Amino acid sequence: MSALPGLPGFGRGTRSTRSPLPREARDTLFLLAIIAATLLPHAGHLPWWCSLLTAAMLGWRARLAWRSEALPGRWSLLAVLALVIGLTVATHKTILGREAGITMLAMLMALKTLELRARRDAFVIFFLGFFLVLTQFLYSQSPLVAVWMLGCVWALLSALVLAQMPQGVPSLKLAARIAARNTLIGLPVMVALFVLFPRFPPLWSLPKDAGARTGLSDSMSFGAFAEVVGDDTIAMRLRFDGAPPPQRQLYFRAQVLTRFDGRTWTASRMTWATGETPPRLTGPVFRYQATLTPLRVTAIPMLEFSPGSTGAQLPAGRLTATRAPQGHWLVPVPVAEPLRFRQEAWTRATWGQRLGRAELGEALSLPPGLNPRAVALGASLRERFASLDEDARAAAVDRELRTRIRSDGFGYTLAPGIYGETTPNTIDEFWFDRKLGFCEHFAAAYVVLMRAAGVPARIVTGFQGADSTLQDGDLIVRMSQAHAWAEFWSPSAGWQRADPTAAVSPERIEGQPLRAAAGVIAGALDQWRPGLLMELRTAWERLNNRWQQTVLNFSTGDQMSLLKRLGFDNPDWTTLGQVAGALLALVALAGAAVAAWQRRPHDPWSRQRARVRRELDRLGIATGDDETPRRWATRVVERHGSAADAVADALLQLEAQRYRQDLAAATSQWQRRFAAQCAELRQALAR
């Protein structure tokens with residue numbers, strides 16, 4: 001392999017006294033380790049073949065460096081490149097776009113290590129690495145990712161420093177120290193730019209899929225909620241102006257599902273309300289601020305009941321939520337970035353008393369020919385309560401179904417098995433045969449039976465309950481608290497919430513959701529110290545929330561608040577620009593001062609020479625940059641004779657002190673004596 005000076009991994013084979021490897025192999029392996037660390041967080045996002053090929057190429061390059069073997073030929077690399085392009089197109093159907101682009105970037109970076117033959121190749125790898133660090137933030141901006149990427153940047157800068165040190169065998173520790181020092185020098189400028197840079201939404205916003213999770217959905221089928229019950233990540237944070245509502249009143253309405261095809265529930269297609277009347281709100285009002293994590297749905301979960309007429313709008317982050325006629329709030333695009341909004345809610349409200357013919361028909365429709373036993377049961381209840389008016393009949397059917405759920409042996413479980421494998425009549429299979437299910441099973445069966453009894457009903461999905469303890473003053477709602485319940489309609493009371501899950505598992509509604517069994521490691525840790533995992537999770541969530549609020553959510557409003565605290569009245573974009581300009585001017589002046597300071601000698605020997613030369617200049621003795629104190633001593637005696645013996649002896653002593661370990665202290669004492677001797681000589685010459 002050719003040896004090129006000045007590149008990491010391309011020294012001339014010089015061996016370090018501390019390492020058995022030549023510098024060439026050591027620096028190459030160091031660079032490969034940096035590339036692997038930079039690519040590691042991408043492993044979960046890249047195609048499996050990309051991770052496999054990248055690891056193979058880095059391993060291949062490490063083997064070549066360890067054995068000092070020649071790099072592969074150009075045709076071999078072209079063949080691998082063609083394979084990479086073909087696999088990328090087969091996987092992503094393109095080589096453009098985010099996913100395909102990052103895949104190609106990772107592969108090209110690994111390929112570039114196999115043709116590291118010139119200085120420009122090394123710099124291409126460095127800057128590909130810096131760009132790859134940035135791409136990780138398209139997926140996650142958590143504190144752990146930020147710390148890991150900061151370490152990768154430090155390592156890349158260390159490798160860059162090594163590339164600028166071609167002579168000898170500089171240690172990795174020295175390169176890392178220089179890189180850290182230069183980074184710390186630039187840190188204040190970086191912080192200032194972060195604080196003062198204008199937050200223009202197209203240029204300064206969270207990536208659309210960063211941190212996005214799939215929790216709720218715009219549709220529901222059996223088993224949908226069991227899939228997220230084990231996900232304890234935070235769905236939303238709420239900070240109430242006063243005390244929060246009790247657990248049994250914490251229903252966060254997200255989506256209303258009215259249409260049913262026998263397997264899947266979907267939202268109504270109606271975007272209007274017929275003769276809508278204003279809601280009648282009773283009970284206490286709860287005002288709160290909510291921070292919603294990305295849920296990848298168009299619905300915004302809000303505490304019931306959040307008032308507003310159909311079409312009412314509410315600012316939510318960079319989006320605007322609009323109230324649908326079914327009482328839930330929607331945004332125009334799926335929520336793919338954290339949203340913050342303020343809202344108020346009444347836990348008791350009467351609304352929706354008037355239904356049009358189309359709305360009423362949709363809330364009563366059932367798929368023909370399916371679930372005959374459930375339809376027959378509903379029809380028998382309708383006949384049984386036929387003498388009652390609509391309001392009383394709806395209440396009577398509701399009581400009857402709740403009673404049957406409590407007394408007919410139903411079970412609430414996360415693992416009820418798969419419904420519909422042997423029959424399309426999933427509601428019949430659940431209600432009459434197996435009687436085991438999760439919240440969506442009970443809600444779906446309840447709505448079908450209510451409709452079969454002639455009572456309009458529908459499903460509502462969202463979240464129910466929250467953590468029992470506050471976290472930094474916030475009420476925490478988790479993905480595992482996703483829930484489905486029902487609503488039925490009567491002419492005088494409108495839409496009324498009915499949660500059949502409360503009949504079979506009241507503890508679920510009181511803030512004790514059913515949880516999946518802990519794994520082996522989690523169970524062992526809990527046995528060793530109960531509550532340890534909960535403490536660690538809480539600490540991590542607090543850290544993540546503070547990072548989110550302090551760094552990621554630092555907005556234009558925060559910038560203006562900072563300027564007000566600095567004494568600016570009514571700051572605006574102009575004020576922000578003036579402060580930024582003044583700061584940049586100060587940085588420029590500081591840089592000029594540092595440059596001027598660096599031009600002057602700063603080590604003890606250089607400073608001492610400069611002072612000695614000034615003293616000799618006052619005695620009329622010319623000195624050169626490349627001359628020693630011994631040469632100056634000779635010149636002093638030649639010029640001034642025996643009167644200058646003391647000064648000449650002092651200069652000889654200075655040369656003898658040049659290699660002393662305590663040079664700084666020795667030269668300080670010597671300088672005082674030398675200055676006094678030069679002053680005496682000047683006085684003698686003057687006389």
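Here is how the numbers come out for the structure above:
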read-out	value
Projected label distance in nm at S561 and T423, using a 7 Å step from Cα toward the beta-carbon	5.9
Rounded FRET efficiency, nearest 0.05, which uses the C-beta distance separating W154 from A610 and R0 of 41 Å	0.65
Surface per residue (accessible, 1.4 Å probe) for segment 344-414, Å²	53
Pairwise FRET efficiency - T282 versus S380, Cβ, R0 = 45 Å, nearest 0.05	0.80
Test item: Cα-centred dipole of segment 404-450, Lys/Arg +1 and Asp/Glu -1 on Cβ, debye	220
Cβ-derived FRET efficiency at R0 41 Å, R342 paired with R263, nearest 0.05	0.60
Whole-Hz couplings from phi, Karplus 6.51/-1.76/1.60, listed for segment 80-91; x for Gly and Pro	5, 4, 4, 4, 4, 4, x, 5, 5, 5, 5, 7
Segments 144-151, 55-62 sorted - mean Cβ within 10 Å per residue, highest first	55-62, 144-151
Rounded percent of accessible protein surface that carbon and sulfur make up, segment 65-208, 1.4 Å probe	74
Those aspartates and glutamates that a straight Cα-Cα span of less than 12 Å connects to K435, excepting residues fewer than 8 apart in one chain	D408
Residue-level accessible surface for K564, protein heavy atoms, 1.4 Å, Å²	120
At 1.002 mPa s and 20 °C, Stokes D of segment 30-80 from Kirkwood alpha-carbon radius, µm² per second	177
Proximal aspartates and glutamates to K112, defined as alpha-carbon separation beneath 18 angstrom and excluding residues fewer than eight positions away on the same chain	E24, D27, E69, D121
I178 accessible area, assembled protein chains, probe 1.4 Å, Å²	40
Simple label model, 7 Å out from Cα along Cβ direction - L77 to L364, nm	7.5
Gain upon complete extension [T94, T574; 0.36 nm per residue less C-alpha separation]	168.4 nm
Stretch gain in nm, segment A582-R296, where the contour uses 0.36 nm per residue and the Cα spacing is subtracted	98.7 nm
log10 of Debye I(q)/I(0), alpha-carbon scatterers only, for segment 35-128 at 0.19, 0.21, 0.23 Å⁻¹	-0.93, -1.12, -1.30
Built amide H within the under 5 Å cut-off of A235, gap 5+	V477, R478, M479
Fully extended contour minus Cα-Cα distance, from T628 to D645, at 0.36 nm per residue	4.4 nm
Label-point separation, A243 to A43 (7 Å along Cα→Cβ), nm	5.0
Accessible area of F127 in the full protein assembly, 1.4 Å probe (Å², nearest 10)	120
Global form of segment 362-468, assessed from the alpha-carbon gyration tensor, a/c cut-off 1.5	oblate
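The values are calculated or read from the model by the stated rules, or taken from the named source; none is laboratory data. Remember, it's a predicted structure, so these values are computed and weren't measured experimentally. Glycine gets a Cβ as well: all are built from the backbone with ideal geometry, and neighbour counts include every protein chain shown. Calculation scope for accessible area: heavy atoms of the full protein, side chains included, ligands and nucleic acids excluded. Shrake-Rupley method; radii C 1.70, N 1.55, O 1.52, S 1.80 Å.
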